[in-house]
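K.L.:
Sharing a structure here in structure tokens format.
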Amino acid sequence: MSGTREAIAAARRLVVKVGSSALTTAGSGLDVARLDALVDAIAERVARETQIVLVSSGAIGAGLAPLSLGKRPRDLATQQAAASVGQLALAHAYAESFGRYSLTVGQVLLTSDDVVRRSHYRNAQRTFSRLLALGAVPVVNENDTVATEEIRFGDNDRLAALVAHLIGADALLLLSDVDGLYDGDPRSGATRKLTEVLSESDVDGISVGMSSSGLGTGGMVSKLAAARTAAGAGIPVLLAAASEASAALTSASPGTAFAPADTRLSARRFWLGYAADTTGKLRLDDGAVTAVVRRRRSLLAAGITGIDGEFQAGDVVDLVDAKDRPVARGVVAFDATELPDLIGRSTPELPEEQRREVVHADDLVPLRR
């Protein structure tokens with residue numbers, strides 16, 4: 001067994017994410033038998049004194065049948081209505097199922113605001129910490145009933161990666177209707193499953209297929225992005241089929257394992273890189289990109305070629321290269337109205353009161369492509 005799988009099997013605090021397709025069907029809604037099988041596997045791991053946070057999709061899927069909807073709605077208002085009905089059914093089903101093991105469930109509904117805003121981020125940390133200390137199993141979902149297009153996570157895979165870092169998890173387990181990461185669409189038949197992903201180069205150029213259930217929003221694209229996010233932040237990840245949840249939770253033997261980066265990002269740097277909302281862009285020349293990404297230096301006005309957006313000093317902005325690709329994120333030290341007169345000028349050329357870094361190295365996080 002690889003070191004990554006050993007770390008996942010031995011994790012004392014674990015985030016488990018399960019997708020809609022593993023819990024619901026379009027015709028009959030929530031599949032209680034599948035849900036019970038998942039809970040059986042989780043309860044077995046909890047009995048080994050592992051703290052588990054469950055990120056569960058399925059609220060919209062669980063609301064389809066009661067509202068006589070034949071398929072997942074496309075419009076936001078109907079999605080919210082289905083989530084309103086389905087979230088109650090999902091929470092009740094989890095409470096009943098975990099109750100078989102005398103385990104208490106705590107429901108946590110989040111919007112992206114709860115991790116984008118630093119004050120909300122800390123509040124969420126405290127809530128999870130207290131629930132786990134009290135022996136409860138937090139069950140997390142995006143708050144689909146009130147989330148708008150502007151504040152949605154978009155999929156629970158990303159949410160799970162954010163929660164894993166937020167609670168200081170030792171590992172992240174992503175469960176879906178696919179048994180691992182393939183080097184192409186597994187439905188084509190001419191693909192190979194990757195059992196270990198040791199670095200970014202192992203997944204460069206991979207074209208992944210989407211889930212075919214029609215119930216979820218993520219597909220393999222979002223699962224790969226979530227796995228890379230968590231692994232890049234220092235958290236080992238296992239991607240496996242929900243039908244293999246028991247083996248995944250006990251031995252971490254199935255699926256695809258993603259090795260973590262050597263160092264774990266601090267909460268602040270993770271928030272900057274993956275959770276914070278950005279309000280603008282700074283365009284960098286090639287020299288500034290090298291300084292910021294490879295040499296981990298502060299961004300100076302001389303390396304900026306242009307700006308986009310309306311932002312104020314203290315906001316988080318994207319740093320992009322000449323091809324408009326984000327290469328880093330950071331906290332900008334100037335208002336958008338101040339920068340046009342400064343960009344491209346060396347520090348000695350600037351007024352004395354403006355001779356400071358545009359983005360300080362301590363407030364800057366290079367992004368993994």
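The values are calculated or read from the model by the stated rules, or taken from the named source; none is laboratory data. Only a predicted model underlies this, so the values are computations on that prediction, with no experimental measurement involved. FYI the Cβ positions are ideal-geometry reconstructions off the backbone, even for glycines, and counts take in every protein chain you see.
K.L.:
For Ser211, work out the one condition from (1) assigned to a loop (DSSP other than H, G, I, E, B); (2) at pLDDT 80 or above; (3) touching an Asp or Glu at 6+ places or on another chain (Cβ under 7 Å) it doesn't fulfil.
P.N.:
(2)
K.L.:
Find the residue count for region 338-369, including only residues that are out of contact with any helix residue (DSSP H, G or I) (no Cβ under 8 Å at 6 or more places or on another chain), loosely packed, with under 13 Cβ neighbours inside 10 Å and under 26 Å from Ala275 (Cβ atoms).
P.N.:
1
K.L.:
Tell me, which residue of region 45-92 that is in a helix (DSSP H, G or I) and closer than 21 Å to Phe128 by Cα is modelled with the lowest pLDDT?
P.N.:
Across region 45-92, the extreme among qualifying residues is Ala59.
K.L.:
In region 230-264, which residues are touching a helix residue (DSSP H, G or I) at 6+ places or on another chain (Cβ under 6 Å) and assigned to a helix (DSSP H, G or I)?
P.N.:
Ala230, Ala242, Ala245, Ser246, Leu249
K.L.:
Under 7 Å between Cβ atoms, which residue pairs at least 6 apart in sequence (or on different chains) link something in region 89-111 that is more than 17 Å from Leu30 (Cβ to Cβ) and of a type in the set (Lys, Arg) with a partner that is modelled with pLDDT of 95 or more and in a loop (DSSP other than H, G, I, E, B)?
P.N.:
As it stands, the answer is none, since no pair meets every condition given.
K.L.:
What are the pairs, 6+ residues apart or on separate chains, where a residue within region 271-286 that is in a strand (DSSP E or B) has its Cβ under 6 Å from a residue that is among the hydroxyl-bearing types (Ser, Thr, Tyr) and surrounded by fewer than 18 Cβ atoms within 10 Å (Cβ to Cβ)?
P.N.:
Correct list of pairs: Arg283/Thr305.
K.L.:
Between a residue in region 315-331 that is under 16 Å from Gly303 (Cβ atoms) and surrounded by fewer than 22 Cβ atoms within 10 Å (Cβ to Cβ) and any residue that is among the hydroxyl-bearing types (Ser, Thr, Tyr) and at pLDDT below 90, which pairs come within a Cβ distance under 7 Å, given they are 6 or more apart or on different chains?
P.N.:
Asp318/Thr278
K.L.:
Of the residues Val358, Val327, which is under 26 Å from the mean Cα position of the chain (by Cα) and aliphatic (A, V, I, L, M)?
P.N.:
It is Val327.
This table checks each residue for (1) more than 18 Å from the chain's Cα centre (by Cα); (2) modelled with pLDDT of 85 or more.
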position: Pro236; (1), (2): no, yes
position: Ser246; (1), (2): yes, yes
position: Gly255; (1), (2): yes, yes
position: Arg269; (1), (2): no, no
position: Gly273; (1), (2): no, no
position: Asp277; (1), (2): no, no
position: Lys281; (1), (2): yes, yes
position: Leu284; (1), (2): yes, yes
position: Thr290; (1), (2): yes, yes
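K.L.:
The conditions are (1) in contact (Cβ under 8 Å) with a residue 40 or more places away in the chain; (2) part of a helix (DSSP H, G or I), and Ala336 fails exactly one of them. Which is it?
P.N.:
Answer for Ala336: the failing condition is (2).
K.L.:
Return a yes/no flag: does region 287-310 have any residue that is closer than 24 Å to Gln125 by Cβ, assigned to a loop (DSSP other than H, G, I, E, B) and among the charged types (D, E, K, R).
P.N.:
Checked region 287-310: no residue is closer than 24 Å to Gln125 by Cβ, assigned to a loop (DSSP other than H, G, I, E, B) and among the charged types (D, E, K, R).
K.L.:
Filter region 333-356 down to residues that are among the β-branched types (Val, Ile, Thr) and closer than 17 Å to Phe311 by Cβ, then give me how many there are.
P.N.:
2
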